[in-house]
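Below is one structure, written out as structure tokens, with a few remarks after it.
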Amino acid sequence: MSTPPPLIPEQRQRELMRLLRGAGALSIRHLASSLGVSHMTVRRDIATLEDEGLVDAVQGGVRLREHTGVEPPRERDSRAALELPRKEAVARRAAALITDDMTVFIDAGTTCQALVPHLTSRRGLTVVTNDFFTVSALFAHPAIEVIHTGGVVDAASGSSSGALAAATISAMTLDLAILSTGTWDTSHGLTSPELDKVVLKRAVLDAATSGALVADSTKYGTAERFRVVPLDALDVIVSDAELPESAAAAIADMGVELWTATD
């Protein structure tokens with residue numbers, strides 16, 4: 001079988017823009033792998049698109065400029081650009097949790113959304129999510145069945161939550177729940193500043209056979225006013241190598257698996 005000819009720059013840049021419209025922001029490493037070119041080639045394409053006013057280069061990656069197509073809200077956009085390689089490494093490691101024929105809940109957030117490119121090879125997959133941008137990214141993959149929870153919309157994060165979303169989840173049986181959080185530690189577990197998110201996350205874990213947290217180490221050691229669940233309510237935590245050793249030891253003592261992402 002012959003190898004397809006390489007894309008010319010114009011074709012490659014169109015494909016780069018297509019990938020960005022699905023994710024909002026991506027790392028240079030991810031784009032180089034997806035496009036089958038070197039990091040230097042990706043950087044040149046980014047520079048060209050930036051000159052055209054279509055994208056903004058960020059450290060380690062690139063994001064869509066505000067006026068181009070569908071873009072994450074400002075709060076989410078800034079989080080997507082921050083620690084982008086770390087988030088993608090965590091998502092890449094967490095993708096191993098998802099196998100063929102699963103019904104899996106994928107929570108809102110930039111790390112969870114970074115799972116999407118790793119799902120396309122799965123067969124018989126159903127993704128349940130409260131994240132509008134994950135839904136949008138999955139439009140290009142019709143083989144994956146997608147169910148949105150509905151609920152009260154949070155425009156700042158591009159997601160929904162609350163009792164209506166929880167009711168959708170309560171009518172389902174999930175094989176796996178993949179949760180995100182902005183704050184977590186071994187003393188307080190997962191916490192949230194919003195009760196609507198607490199209600200949904202608890203419903204998701206109740207409906208799931210197993211539960212996992214994806215959260216990079218920059219979010220560890222902080223807590224918000226509402227507790228979601230303790231860490232020992234989870235089966236797996238996926239984080240990065242910068243997580244403090246004391247936290248890793250405490251997680252092990254709880255009987256929770258800790259999966260560490262590498263760059």
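The values are calculated or read from the model by the stated rules, or taken from the named source; none is laboratory data. What you see is a predicted model; the values in this text were computed from it and never measured. Note that each Cβ is placed from the backbone with ideal geometry, even for glycine, and that neighbours are counted across all protein chains shown.
Tabulated data
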read-out	value
Test for residue 74: is it under 17 Å from the mean Cα position of the chain (by Cα), modelled with pLDDT under 95, surrounded by 15 or more Cβ atoms within 10 Å (Cβ to Cβ) and charged (D, E, K, R)	no
Residues of segment 172-189 that turn out to be in contact with a Lys or Arg (Cβ under 7 Å, 6 or more places away or on another chain) and within 16 Å of residue 212 (Cα to Cα), as a count	6
Scan of segment 134-172 for residues that are at pLDDT 95 or above, surrounded by 17 or more Cβ atoms within 10 Å (Cβ to Cβ) and either of a type in the set (D, E, K, R) or outside the structural domain of residue 200 (by TED's automatic domain parsing) (or both), ordered by number	none
The one condition in (1) over 18 Å from the mean Cα position of the chain (by Cα); (2) buried (at least 20 other Cβ atoms within 10 Å of the Cβ); (3) of a type in the set (Gly, Ala, Ser) that residue 247 fails to fulfil	(2)
Members of segment 216-245 found to be of a type outside the set (D, E, K, R) and either modelled with pLDDT of 95 or more or not assigned by TED's automatic domain parsing to the domain that holds residue 189 (or both), listed by number	228, 229, 230, 231, 233, 234, 236, 237, 238, 239
For residue 175: the one exception among (1) touching a helix residue (DSSP H, G or I) at 6+ places or on another chain (Cβ under 8 Å); (2) surrounded by fewer than 23 Cβ atoms within 10 Å (Cβ to Cβ)	(1)
Checking residue 222 against (1) polar (S, T, N, Q); (2) touching a strand residue (DSSP E or B) at 6+ places or on another chain (Cβ under 6 Å); (3) not in a loop (DSSP other than H, G, I, E, B), the condition it does not meet	(3)
Filter result for the condition that a residue is over 22 Å from residue 98 (Cβ atoms) and acidic (Asp, Glu), over 257, 194	194
Selection from segment 150-173 of residues that are assigned to a loop (DSSP other than H, G, I, E, B) and touching a strand residue (DSSP E or B) at 6+ places or on another chain (Cβ under 6 Å)	151, 162
Residue satisfying all of: in segment 115-125; under 16 Å from the mean Cα position of the chain (by Cα) and surrounded by 15 or more Cβ atoms within 10 Å (Cβ to Cβ); farthest from residue 85 (Cα to Cα) among these	119
Filtered residue count, segment 193-211, keeping only those that are buried (at least 22 other Cβ atoms within 10 Å of the Cβ) and farther than 16 Å from residue 165 by Cα	1
Sole exception among (1) under 28 Å from residue 242 (Cβ atoms); (2) part of a loop (DSSP other than H, G, I, E, B); (3) touching a residue at least 40 places away in the same chain (Cβ under 8 Å) for residue 176, by number	(2)
Filtered residues of segment 27-55 (kept if in contact (Cβ under 8 Å) with a residue 60 or more places away in the chain and surrounded by 16 or more Cβ atoms within 10 Å (Cβ to Cβ))	27, 30
Which numbered condition residue 27 fails, given (1) touching an Asp or Glu at 6+ places or on another chain (Cβ under 7 Å); (2) farther than 23 Å from residue 131 by Cα	(2)
